[in-house]
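S.K.: Just dropping this structure here.
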């Protein structure tokens, strides 16, 4: 959610039950403003909160002019001091995929994972158990990256692409209509498209190149991993991800208000196919 | 270019930009011809525009801005229509200069000749301009909007709204203007069809806000109402939970309060509490935990259809023998020895897992529905499956092992589990009522009643956060059997003795069933089992910056979404979540039962294979021979069919 409209956004996203306490809100308002100034971001988003056992991580993201460029992620334990996280690499993701369980809440905590590695010693080949240490910071980075790639969404029409390349915020976006807001195809993944080129030519002919340049949610696997609901007596449409429980996207139809927030334990729901 | 334009228009059918404009499209309703003065102004503006066009496109937008102060650009629209009419009459003039867009930019004098009755012969350059304008004004079969009109709309919009840096939003504005032309705002006579459900919901919620039908708003009414009401102070609870960062927004909480007030008025309720919210795929549930007044026994108990007995199909030999006596077979099909496992009776109302009654509704304003009591079979099955709620109470729960009930029962079972596991209170808030008898005497069943401790002083917040021993469970733990108090399933009731087969009990499996024991009531949380080296509870202070005024918050790691707060003498529990337990490993569904065994062959029953056709024919031939020889009795050859029992 945009740091500029933090209070309203938190209010709208509160249907999932998790929000922020007033003291956190107050400190966020101030500190995110300073982050924007210091790092010269165009927009600062409050990404959400990852619940750990000892402490919680508060995550923010900064965007530059081009909305689809890789975002910079910052984390904080107390909503006042923010530290920049390194960008996620494939290696990091692969490494932390073996770690399961809750986050500790301490960024320097190291998970130990025993791996069997073949070691050549002279002529003998035997397997040795090597304990690999994975830092919690690495795990945090990869989890945030995975969540972003999988479930960060924006409504159709909120961004538009110019022929020169960069993606801009559409200032004339007035919100989706009620009938559109209930369809999954009106929401896009907030990332570089991967499925777009797989569409048939017929489908591509119907697309508008300046607005439909990202993947829509329609073809997400598994099917049914999004829950669309109207709340507040039909005045708010809320999408919740069932794959990463804790991600809430809200949008008030016919207005400019939209945003998403993740408040959860940072674990993927691998049991989803059993639960549908 | 025109093709792209039209293609865009054709595609516009899928999207809609609501027009938040200053009534711009309404000006395009057909209007009567205006007076001369406006027309002249309009002419002037158009001529200036065309002049700029000729001087170069880019300069047009920039120079237009300073030129136009007053009057507002509305007359352009009217003039536009006027123009269209003129041109549609087909000005068939003499020799044309080629209608080449490049020729548009020839310099010429001021704009159009004044329209009077006689149109003088236009000069070639003027003709070129007119042609250019005619080209711009042409419309196609697909749409009525010409480029000229569209540009006029666009410029009008820009001048009205004066966005910052218009060039950068030009494309968006372009698109929006086109949209608005094709999607004018609905007039005031018709209701917006899309907003109908919203308005209906709003009406329902408005009904919440009106005072209950009770009478005038006199002083006496006020006094009566200020008395004790079973509705809890939800706003206060919501405030404290907000300090912890949990809970719904304050207006939602207020609506829930009103909805509970409505519930209290409709049902004979003694105490009630907002239990929490369970999220579902299509809709969510708001759950209220109530206790009826003494003696108001629910007659609706009988309405709830009894779950089929023998729903526990996980048993290996669960099968129902079809006793087919249809065929007049001489042999009697042996009766099956299998008996369905005894059904564990559900707990009485107001005790154990059924201590409270639960009402659910999807949104405040909608009617409350009562959930049926939970049976042990449902709890046992609910532990084995993991399903999302859809939001509709009558959805069947499709799972393996099959759940005995529909979503309402599943919801009730999960509520029971969550309540049993996560309802906590500070140590000392509740105490056992003073009765004789130790706990051991009761055979481990423990006490099941508690009362509020009037001398409770409150535990300092810091201590509550530090140690889990300061919190206790005040709901009974549910045993593996599915109940809170253990019941021996093999105890024969009178009914069973009548129905039971004559065989001795010794044939049935082991009779010794161990009594199940669970932790007694008011056990501190420090005794809770760990989840794979993970503490089952996390405590926090709500605000580390001001510990004097903060609240102690306890969060369950076993049931994510269950929170409890305590501050001074107050405490409360709430659950907001999906309704599932957390487990660090993935969910393993129950495996299907092993393959059933066939009936063992024994002396009385033996399975033989059917004879083949050749054998039968050979036999038949032999028989005929024998018949021909003796003509005596015929052997019923149906002995081939051995007795096979159904499996």
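Where a number appears in this text, it was derived from the coordinates with a stated rule and is not lab data. As the structure is a prediction and not an experimental result, all values here were calculated from the model. Counting neighbours? That spans all protein chains shown, and the Cβs are built from the backbone with ideal geometry, glycine included.
S.K.: Is there a simple number for the mean count of other chain Cβ atoms within 10 Å of the Cβ of residues in A:9-19, and what is it?
M.R.: Across A:9-19, the average partner-chain Cβ count within 10 Å equals 6.
S.K.: Would you tell me the mean number of C-beta atoms belonging to other protein chains that fall within 10 Å of each C-beta in B:576-587, as a whole number?
M.R.: Across B:576-587, the average partner-chain Cβ count within 10 Å equals 4.
S.K.: Within 10 Å of each Cβ in B:382-389, how many Cβ atoms from other chains are there, averaged over the peptide?
M.R.: The mean count of partner-chain Cβ atoms within 10 Å per residue comes to 3.
S.K.: Follow-up question, since we're still on this one. Looking at chain A as a GNM with Cα springs under 10 Å, which of A:163, A:87, A:253 has the largest mean-square fluctuation?
M.R.: In the Gaussian network model the winner is A:163.
S.K.: Determine the percent antiparallel among the DSSP beta bridges restricted to region A:3-274, to the nearest 5.
M.R.: 90
S.K.: Rg (Å, one decimal) plus Dmax (Å, integer) for the alpha carbons of region A:117-168?
M.R.: According to the Cα coordinates of region A:117-168, Rg and Dmax are 22.4, 64 Å.
S.K.: Rank A:12, A:243, A:34 by mean-square fluctuation in a GNM of chain A with C-alpha springs under 10 angstrom and give only the top-ranked residue.
M.R.: Largest GNM mean-square fluctuation: A:34.
S.K.: Sticking with this one: What list of whole percents do you get for P(r) of chain A, with Cα-Cα distances grouped in 5 Å bins up to the one holding the largest distance?
M.R.: 1, 5, 11, 15, 18, 17, 13, 8, 5, 3, 2, 1, 1, 0, 0
S.K.: Rounded if a/c is under 1.5, else prolate if a/b beats b/c, else oblate: with a ≥ b ≥ c from the C-alpha gyration tensor eigenvalues square-rooted, which is region A:145-217?
M.R.: rounded
S.K.: Now for a different question. Taking 8 Å as the Cα distance limit and 6 or more residues as the minimum spacing, I'd like the relative contact order of region B:530-633 as a percentage.
M.R.: 14
S.K.: Only Cα pairs within less than 10 Å get springs; with that Gaussian network setup on chain A, which residue of A:150, A:94, A:252 has the largest fluctuation?
M.R.: Highest fluctuation among the options: A:94.
S.K.: For residue A:33 and residue A:106 in one chain, what is 0.36 nm times their gap in residues minus the Cα-Cα distance, to one decimal in nm?
M.R.: Fully extending the segment from residue A:33 to residue A:106 adds 23.8 nm.
S.K.: What is the helix-to-structure angle for A:136-151, meaning the angle in degrees between its Cα long axis and the longest Cα principal axis of chain A, kept from 0 to 90 and rounded to the nearest 10?
M.R.: Relative to chain A, helix A:136-151 is tipped by roughly 40 degrees.
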